[in-house]
Amino acid sequence: MNAPAQSAPHVQVVLSDCSATDAGHLFTELCRHFDSDRGADDTPPHDTEGSRPTMWTGTFDTSAPAGAPDAPHTPPLSGPVKAEVQGEPQAVSRLREALAETFAVEEVGRVSGDQEVELELCLRNRAA
């Protein structure tokens, strides 16, 4: 007998085209909603010098809230941030909804597989 497929609640997030400060703000916001391999105060290291691209990664467990929704809200971003999120479709949807509570979220790309989806998102500050 086949067992029902288990939902994989983990979503990998890769941030690029942004400052270390903006990456830190985004990860802090996600840590308000979900448990992670990053601590809420685990800020990305300083920006690298030169023209080499810098990327920051984190994995978030969307199956249960992190228990810190009353934390202070995230400061505004200094500009648009590119985020690539990958995981099981329901988990990715939960993570996207959490981001949309604070940021304007635009989907700029999607790749769907058998049991995973990868979204490319552009995150901006909400218009006042």
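Values quoted throughout were computed directly from the atomic coordinates according to the rules given, and no laboratory measurement underlies them. This structure is a prediction, so every number in the text was calculated from the model and none was measured. Virtual Cβ from ideal backbone geometry, glycine too; neighbours counted across all protein chains shown.
Please list the non-local residues whose amide H lies under 5 Å from the amide H of Thr54, H modeled 1.01 Å from N, same-chain partners needing a gap of 5 or more.
Asp17
Please list the non-local residues whose amide H lies under 5 Å from the amide H of Leu77, H modeled 1.01 Å from N, same-chain partners needing a gap of 5 or more.
Correct list: Asn125.
If we count other beta carbons within 10 Å of each Cβ, what is the order of Glu101, Glu107, Glu29, Glu84, fewest first?
Glu107, Glu101, Glu84, Glu29
Can you sort Val105, Val13 from fewest to most other Cβ atoms within 10 Å of each residue's own Cβ?
Neighbour counts put them in this order, fewest first: Val105, Val13.
So what are the ³J(HN,Hα) numbers for segment 98-114, from phi and the Karplus equation (6.51, -1.76, 1.60; θ = phi - 60°), rounded to whole Hz, Gly and Pro as x?
5, 5, 5, 5, 10, 10, 7, 10, 10, 7, 10, x, 8, 10, 10, x, 4
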